[in-house]
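K.L.:
What follows is a single structure, and I will ask about it in a moment.
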Amino acid sequence: MTSKSDAGRPYLVGLVGTGVGPSLTPALHMAEARAQGLDYVYRTIDLNTFGVAPHRIGDVLSWAQTLGYDALNITHPCKQLVIEHLDDVDETARTLGAVNTVVFDGGRTVGYNTDTTGFAHGFAEGLPAAPMAAAVLIGAGGAGSAVGDALLRMGVAHLTVVDLDVDRAATLAWQLADRHASARVDASSLDKLSVLLPDSDGVVHATPTGMAEHPGLPFDAALLHPGLWVADIVYRPIDTALLQAARAAGCRTLDGGHMAVYQAVDAFALITGRTPDAERMSAHFRDLVARTAT
Ligand code: NAD
């Protein structure tokens with residue numbers, strides 16, 4: 001962590017990626033900074049708007065450093081591409097192979113991944129003491145990859161990765177198994193959920209299903225049972241059809257707001273060296289989601 005907590009110093013932070021315009025992260029950081037009395041500007045840097053190809057992320061880092069940025073959040077499609085351009089990458093992000101936060105620290109660029117730490121922190125807060133012997137991860141994309149790593153760091157002994165694209169599930173399962181040798185990681189297909197879920201402690205949903213543009217449930221609600229915790233990482237809406245069905249079936253649940261807020265909480269701490277008020281950021285986030293609901 002950097003030690004940039006000197007009061008009165010202005011902060012300049014950016015979010016780099018494509019389609020970043022609607023992100024709630026800038027507002028989230030700036031409101032917390034205001035509450036802490038910090039002078040903090042956070043802007044989106046949409047590569048499409050600037051006509052910069054994602055593989056030029058190294059140039060973007062140099063420009064940002066020259067222009068006086070303190071840090072960048074990095075999102076799709078640059079989380080992997082950025083790594084080779086960094087001076088240092090912390091152990092968790094290196095293991096995962098993806099960086100979503102770059103801090104410019106005394107002329108050096110240091111990469112972190114607060115998607116994976118954010119999921120873990122949000123999970124610990126929202127589902128304390130959840131059993132971890134066996135869990136299913138549905139969705140092997142970018143977010144699923146960060147969540148899978150977090151689940152294994154948190155102690156899941158047997159993780160099964162499921163995706164519409166079975167090759168994607170197999171690749172992620174192989175990568176996770178390679179990085180977490182003490183755990184058992186398998187891949188499976190959606191039709192096997194009827195066998196997997198009755199014997200699982202929990203399921204994390206990490207596909208777009210349940211978002212306003214992709215309404216519905218990712219699997220048959222009849223597979224839900226009171227012995228299963230259910231975490232959804234979709235946060236628009238916060239209360240997805242899956243979470244509603246899970247509560248009705250007696251499951252403990254965790255909404256996607258926890259991961260979204262804690263990725264920002266962890267990034268804010270790395271950038272400023274200050275401890276953010278997670279409860280305040282969560283309340284602000286939930287208010288923003290409600291106000292921007294489609
Ligand atoms: P992605 O496109 O990289 O991956 C999505 C994966 O889901 C793909 O592998 C796809 O094959 C699979 N998939 C799609 N529909 C499916 C279905 N019906 N059944 C099984 N698998 C299916 O996307 P991503 O970046 O991993 O994001 C996934 C979702 O996670 C987003 O839509 C967003 O809602 C959510 N998200 C939440 C947070 C958070 O902080 N809470 C962060 C990032 C993403």
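The values are calculated or read from the model by the stated rules, or taken from the named source; none is laboratory data. What you see is a predicted model; the values in this text were computed from it and never measured. Cβ sites come from the backbone with ideal geometry, for glycine too, and all protein chains shown count toward neighbours.
K.L.:
Looking at LEU254, LEU223, LEU228, LEU270, which one is surrounded by 15 or more Cβ atoms within 10 Å (Cβ to Cβ), in contact (Cβ under 8 Å) with a residue 60 or more places away in the chain and over 27 Å from GLY8 (Cβ atoms)?
P.N.:
Values: LEU223 fails: in contact (Cβ under 8 Å) with a residue 60 or more places away in the chain; LEU228 fails: in contact (Cβ under 8 Å) with a residue 60 or more places away in the chain; LEU270 fails: over 27 Å from GLY8 (Cβ atoms).
Among LEU254, LEU223, LEU228, LEU270, only LEU254 is surrounded by 15 or more Cβ atoms within 10 Å (Cβ to Cβ), in contact (Cβ under 8 Å) with a residue 60 or more places away in the chain and over 27 Å from GLY8 (Cβ atoms).
Residue-wise test of (1) surrounded by fewer than 24 Cβ atoms within 10 Å (Cβ to Cβ); (2) within 11 Å of the ligand (Cβ to nearest atom); (3) at pLDDT 95 or above.
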position: PRO128; (1), (2), (3): yes, no, yes
position: ALA133; (1), (2), (3): yes, no, yes
position: GLY142; (1), (2), (3): yes, yes, no
position: ALA146; (1), (2), (3): no, yes, yes
position: GLY155; (1), (2), (3): yes, no, yes
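K.L.:
Output the residues belonging to region 109-161 that are part of a loop (DSSP other than H, G, I, E, B), in contact (Cβ under 8 Å) with a residue 60 or more places away in the chain, under 20 Å from ALA183 (Cα atoms) and not small (Gly, Ala, Ser).
P.N.:
PRO131, MET132
K.L.:
Right, here's the next one. Of all residues in region 98-108, count the ones that are assigned to a loop (DSSP other than H, G, I, E, B) and of a type outside the set (A, V, I, L, M, F, W, C). Break it down stepwise before answering.
P.N.:
Taking region 98-108 first, the residues assigned to a loop (DSSP other than H, G, I, E, B) are 98-100, 106-107.
When the remaining residues are screened for being of a type outside the set (A, V, I, L, M, F, W, C), the result is 100, 106-107.
Of the residues in region 98-108, 3 are assigned to a loop (DSSP other than H, G, I, E, B) and of a type outside the set (A, V, I, L, M, F, W, C).
K.L.:
Can you pull out the residues in region 162-220 that are under 20 Å from LEU152 (Cβ atoms), part of a loop (DSSP other than H, G, I, E, B) and either more than 11 Å from the ligand (Cβ to nearest atom) or hydrophobic (A, V, I, L, M, F, W, C) (or both)?
P.N.:
HIS180, ALA181, SER182, ALA183, SER200, ASP201, ALA206
K.L.:
Further question: Taking the stated definitions as given, is LEU137 within 13 Å of the ligand (Cβ to nearest atom) and more than 21 Å from the chain's Cα centre (by Cα)?
P.N.:
Working: within 13 Å of the ligand (Cβ to nearest atom): yes; more than 21 Å from the chain's Cα centre (by Cα): no.
No.
K.L.:
Select from region 239-253 the residues that are among the β-branched types (Val, Ile, Thr) and more than 10 Å from the ligand (Cβ to nearest atom) and list them in ascending order.
P.N.:
Across region 239-253, the qualifying residue is only THR253.
K.L.:
What are the residues in region 102-122 that are modelled with pLDDT of 95 or more and away from the ligand (no atom under 13 Å from the Cβ), if any? Let's see the steps before the verdict.
P.N.:
To start, the set of residues in region 102-122 that are modelled with pLDDT of 95 or more comprises 102-104, 108-122.
Within region 102-122, VAL102, VAL103, PHE104, ARG108, THR109, VAL110, GLY111, TYR112 meet the criteria.
K.L.:
What's the number of the only condition in (1) farther than 19 Å from MET281 by Cβ; (2) surrounded by 12 or more Cβ atoms within 10 Å (Cβ to Cβ); (3) not polar (S, T, N, Q) that HIS55 fails to meet?
P.N.:
Going through the list (1) farther than 19 Å from MET281 by Cβ; (2) surrounded by 12 or more Cβ atoms within 10 Å (Cβ to Cβ); (3) not polar (S, T, N, Q), HIS55 breaks only (2).
K.L.:
Do you know which residues across region 42-91 are over 22 Å from the mean Cα position of the chain (by Cα) and outside any helix (DSSP H, G or I)?
P.N.:
GLY51, VAL52, ALA53, LEU67, GLY68, TYR69, ASP87
K.L.:
The conditions are (1) more than 14 Å from the ligand (Cβ to nearest atom); (2) at pLDDT below 95; (3) not acidic (Asp, Glu), and ARG236 fails exactly one of them. Which is it?
P.N.:
So the condition that ARG236 fails would be (1).
K.L.:
In addition: Could you list, in sequence order, all residues of region 245-267 that are in contact with a Ser or Thr (Cβ under 9 Å, 6 or more places away or on another chain) and either of a type in the set (Ser, Thr, Tyr) or part of a helix (DSSP H, G or I) (or both)? Let's see the steps before the verdict.
P.N.:
From region 245-267, those in contact with a Ser or Thr (Cβ under 9 Å, 6 or more places away or on another chain) are 246-247, 255-258, 260-267; that's our starting set.
Matches in region 245-267: ALA246, ARG247, GLY257, HIS258, ALA260, VAL261, TYR262, GLN263, ALA264, VAL265, ASP266, ALA267.
K.L.:
When the residues of region 209-220 are filtered to those that are without any contact (Cβ under 8 Å) to a residue 40 or more places away in the chain and either under 14 Å from VAL147 (Cβ atoms) or over 19 Å from the mean Cα position of the chain (by Cα) (or both), which remaining residue is surrounded by the most Cβ atoms within 10 Å (Cβ to Cβ)? I'd like the intermediate steps shown before the answer.
P.N.:
Our first condition is that a residue be without any contact (Cβ under 8 Å) to a residue 40 or more places away in the chain; within region 209-220, this holds for 209-211, 213-217, 220.
Checking which are either under 14 Å from VAL147 (Cβ atoms) or over 19 Å from the mean Cα position of the chain (by Cα) (or both) leaves us with 213-217, 220.
Values: GLU213: 7, HIS214: 11, PRO215: 11, GLY216: 10, LEU217: 17, ASP220: 11.
Step by step, filter region 209-220, then rank; the result is LEU217.
K.L.:
Can you name the residue in region 15-40 that is surrounded by 13 or more Cβ atoms within 10 Å (Cβ to Cβ) and more than 22 Å from the chain's Cα centre (by Cα) and is also farthest from VAL103 (Cα to Cα) among such residues?
P.N.:
ALA35
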